[in-house]
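One structure is given here, and the rest of the page talks about it.
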Amino acid sequence: MSPQLATMFVIFTSPQQHGRPGARYIAKDGTKTEIISQAAKFYSFADAQEFAKQMNIELTALTYIGQDDFIDSDQ
C-alpha cells in the first residue's frame, strides 16, 4: 500500500520555497526547524493563524502561512 498524501497548512520561515529540500518551518513548540516531522501542521489557515498568535509569531513576508504536502511518515 502506497503512503497517503495530505495537504496541510504550515508556517514557513524562509523565502517561498515550499516543500523539501531547504524549507524551514515553525515547529510544534514555536521554534524553527528543517525537520518536516517536527513542523506544526494545521487543517485550516485559521488554525495556523491562531497558533501564530498564541506563540507570538509575527507573520511577515518571510514568516508566512502556506500549504505543503505531507506523507504519512511526515506526520
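Worth pointing out:
- The single condition among (1) acidic (Asp, Glu); (2) surrounded by 15 or more Cβ atoms within 10 Å (Cβ to Cβ); (3) at pLDDT below 95 that Asp69 does not meet is (2).
- Top-ranked residue in region 34-59 [being modelled with pLDDT under 95 and farther than 15 Å from Phe9 by Cβ; ranked as surrounded by the fewest Cβ atoms within 10 Å (Cβ to Cβ)]: Ile35
- Qualifying positions in region 6-29 - within 12 Å of Gln67 (Cα to Cα), free of Cβ contacts under 8 Å to residues at least 60 places away in the same chain and part of a strand (DSSP E or B): Phe9, Val10, Ile11, Phe12, Tyr25
- Residues (loosely packed, with under 15 Cβ neighbours inside 10 Å and modelled with pLDDT of 90 or more) located in region 1-31: Thr7, Lys28, Asp29, Gly30, Thr31
- Of all residues making up region 30-47, the number that are part of a helix (DSSP H, G or I) and farther than 15 Å from Ala6 by Cβ: 3
The values are calculated or read from the model by the stated rules, or taken from the named source; none is laboratory data. This one's a predicted model, so the numbers in the text were calculated from it and none came from an experiment. Ideal geometry is used to build each Cβ from the backbone, glycine not excepted, and the neighbour counts take in all protein chains shown.
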